[in-house]
């Protein structure tokens with residue numbers, strides 16, 4: 001594709017605004033490490049919430065949704081829609097606890113919750129694992145997706161994409177710190193949403209599609225519109241719906257939807273003005289992420305089934321592309337190549353916005369781990385604030401360089417990244433319970449990490465071995481289906497269930513066989529975050545035996561209201577999600593009922609909200 005003068009003008013304006021925000025925020029960000037990483041804990045809910053949404057909107061997100069819809073239909077999105085339950089649990093239960101903790105990063109949590117050398121080891125190890133290994137894997141995956149989109153749409157080389165988008169991102173991220181990231185995210189999100197909506201509108205009106213009515217009745221599309229899978233196809237229903245809504249949402253660590261909160265979501269809750277703003281930001285994130293944003297991507301994916309019905313159609317349209325990267329995920333950028341001049345620049349800028357928002361958040365978060373939880377904690381505890389800010393800016397640059405170099409060597413599937421995601425299977429329940437069960441200790445955490453890693457590694461080795469056996473049988477003349485049937489490779493969902501079961505059993509057993517952290521540490525943690533009486537009776541009794549009694553307010557628990565808020569919040573968001581789809585499909589009666597359901601449950605959610613966030617001077621335990 002050739003960009004017009006207008007397209008280039010839009011791109012350069014977009015980059016200029018991003019750089020301008022970085023330089024504007026540099027003075028505030030350079031005051032101290034708290035300002036650089038959390039903007040002084042004074043951020044409003046709406047900026048933080050939009051920033052969470054912008055961070056999850058990466059350049060590879062619409063391509064992933066396209067892949068899902070083309071292969072498994074709209075209902076296939078339950079593999080990530082199910083994580084709304086984790087998100088709403090974080091809104092109504094964990095956001096207040098995280099804000100009360102007053103830590104700078106979620107890794108610092110280990111040394112306020114646990115005691116001894118093992119707590120320090122966990123903090124240091126996780127700072128490197130999350131700050132470097134996991135963060136770089138995420139950024140390399142995002143950069144690879146940007147390279148693919150830049151190559152398909154504009155014919156840019158990988159180095160050109162990295163220098164263009166990555167260069168601007170690292171400059172405003174290192175200069176503006178967290179404040180620059182948050183403000184830029186707001187602008188980037190608006191641009192990204194505008195681009196995705198315009199792309200959907202144009203795709204529907206493409207000559208081959210012929211409008212919404214023709215799209216919905218097209219034979220390639222009609223059987224992919226259902227919100228729920230066909231339970232007559234039991235195996236598919238198990239994979240895309242039953243396991244996600246019954247097991248996956250609470251048991252699997254997934255970036256952006258960690259059970260109990262984690263990563264950049266926690267970073268934004270910690271930066272909020274108060275607990276109320278932390279809850280508001282996380283609620284806005286979940287509403288926008290699950291109810292507002294998916295449909296433009298879904299519509300483009302459905303249109304792509306008409307324009308590019310199979311992989312051969314994509315391969316024929318882009319003969320110069322490396323055959324190894326041809327997949328259903330390329331349908332989204334392939335549709336964008338059909339846009340007219342002027343709109344191309346805006347939509348391409350929206351994809352760059354998605355890339356930059358995710359990258360800037362990962363850079364700032366990874367830098368916060370390396371500075372606060374490694375450099376300041378273990379290398380140079382006496383470092384002055386200006387030095388910490390300088391180290392933060394240097395580490396931001398280094399993380400970008402490492403991720404960019406790794407992305408240049410990647411071809412297609414990120415097997416290492418997939419392994420990192422599988423490692424989280426079975427750790428989710430621990431992240432949920434460690435706030436509400438005093439018995440969980442550093443050995444519980446270490447066991448969960450080690451066992452989940454070994455299980456995931458074992459499955460990977462087994463999968464490679466079985467794949468080799470299948471290829472050997474094919475080489476002997478057997479057809480692929482018969483070869484696979486003879487070897488019977490372990491399916492992904494079976495691996496997930498086994499991983500969850502083995503890991504959960506292991507860390508629970510170790511928890512029961514080892515001692516909890518010191519009572520004084522646990523008492524201090526309880527006073528700091530006030531998690532309620534559930535699971536902490538021994539600590540309350542210990543404090544009383546030392547004549548240090550907890551007040552009624554300190555022992556009050558929001559869990560019952562929080563769980564009710566979670567259930568109603570999920571009902572409201574799912575109702576809004578499917579109401580939007582029903583309006584698009586033209587199912588007016590269903591759309592009206594779902595819209596009413598969304599309004600009623602939203603009203604109930606805010607009733608619970610008001611009880612959990614009483615006016616100043618009153619406590620929730622008094623209501």
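No value in this document is a laboratory result; all are computed from the given coordinates. All values reported here derive from a predicted model rather than from experimental measurement. All Cβ positions, even for glycine, are placed from backbone atoms using ideal geometry, and neighbour counts span all protein chains on display.
Please compute the Kirkwood hydrodynamic radius over region 219-323, one decimal place, Å, based on all pairs of different Cα atoms. Mind showing how you got there, number by number?
Working: mean 1/r = 0.0571 Å⁻¹.
Here the Kirkwood hydrodynamic radius works out to 17.5 Å.
From Cα pairs below 8 angstrom and at least 6 apart in sequence, can you work out the relative contact order of region 249-301, rounded to a whole percent?
Numbers: 22 pairs, mean separation 9.0, N = 53.
It rounds to 17 percent for region 249-301.
Can you tell me how region 492-599 classifies by the Cα gyration tensor, rounded, prolate or oblate, using a/c under 1.5 as the rounded cut?
oblate
Report the full-extension gain for the segment residue 27 to residue 590: residue separation times 0.36 nm, less the Cα-Cα distance, to one decimal in nm.
197.4 nm
Sort the following peptides by mean Cβ neighbour count (other Cβ atoms within 10 Å, averaged over residues), highest first: 174-184, 433-443, 597-607.
Values: 174-184: 27.0, 433-443: 20.8, 597-607: 16.5.
Listed from highest to lowest mean packing, they are 174-184, 433-443, 597-607.
What's the angle, to the nearest 10 degrees (0 to 90), between helix 61-72's Cα axis and the longest principal axis of the chain?
The answer is roughly 70 degrees.
Sketch the reach of a paramagnetic label on residue 383 as a point 7 Å from Cα along Cα-to-Cβ, and name the residues of region 25-65 whose backbone nitrogen lies under 20 Å away.
Of the residues in region 25-65, 26-41 have backbone N under 20 Å from the label point off residue 383.
Quick one: 547, 520, fewest Cβ neighbours within 10 Å first, how do they rank? Write down the numbers at each step before the final one.
Values: 547 6, 520 13.
Least to most surrounded, the residues fall as 547, 520.
Residue separation times 0.36 nm, minus the C-alpha to C-alpha distance between residue 494 and residue 292: what's the value?
Numbers: separation 202, 0.36 × 202 = 72.72 nm, distance 3.21 nm.
Extending this stretch completely gives an extra 69.5 nm.
Using the Cα gyration tensor of region 58-157, with a ≥ b ≥ c the square roots of its eigenvalues, what is the shape: rounded (a/c below 1.5), prolate (a/b larger than b/c) or oblate (neither)?
Details: a/c = 3.19, a/b = 1.63, b/c = 1.96.
Note, shape of region 58-157 comes out oblate.
Just how far, in whole angstrom, is region 233-251 from region 101-155 if you go by their alpha carbon centroids?
What the calculation gives is 27 Å, centre to centre.
Rounded to the nearest 10 degrees, what's the angle between the helix 588-612 long axis and the longest principal axis of the chain, both from Cα atoms, 0 to 90?
Roughly 20 degrees, rounded to the nearest 10.
Using a simple spin-label model with points 7 Å from Cα along the Cα→Cβ vector, what separation in nm is obtained for residue 397 and residue 201?
4.3
Measure out, as a whole number of angstrom, how far apart the alpha-carbon centroids of region 1-54 and region 286-311 sit.
After rounding, the separation between the Cα centres reads 27 Å.
Sort 569-578, 151-160, 393-402 by the packing proxy (mean of other Cβ within 10 Å over each peptide's residues), most packed first. Write down the numbers at each step before the final one.
Working: 569-578: 22.1, 151-160: 16.4, 393-402: 19.7.
Ranked from most to least packed, the peptides come out as 569-578, 393-402, 151-160.
Could you order the peptides 334-340, 142-148, 558-564 from most to least packed, using the average number of other C-beta atoms within 10 Å per residue?
Details: 334-340: 18.3, 142-148: 25.4, 558-564: 16.4.
The packing order, highest mean first, is 142-148, 334-340, 558-564.
Please compute the modelled spin-label separation between residue 160 and residue 461, points set 7 Å along Cα→Cβ, answer in nm with one decimal.
Spacing of the two 7 Å Cα→Cβ label points: 4.5 nm.
Mean separation of Cα pairs under 8 Å and 6+ residues apart, divided by the residue count of region 1-149: what relative contact order is that in percent?
Details: 42 pairs, mean separation 26.3, N = 149.
Taking the mean separation of contacting Cα pairs over the length of region 1-149, I get 18 percent.
In nanometres, what is the gap between the two model label sites at residue 446 and residue 213, each 7 Å from Cα along Cα-to-Cβ?
Result: 6.8 nm between the two label points.
Could you please tell me the mean projected area of the C-alpha convex hull for the chain, averaged over all directions and given in square nanometres to one decimal?
Dividing the Cα hull surface by four gives the mean projection, 29.0 nm².
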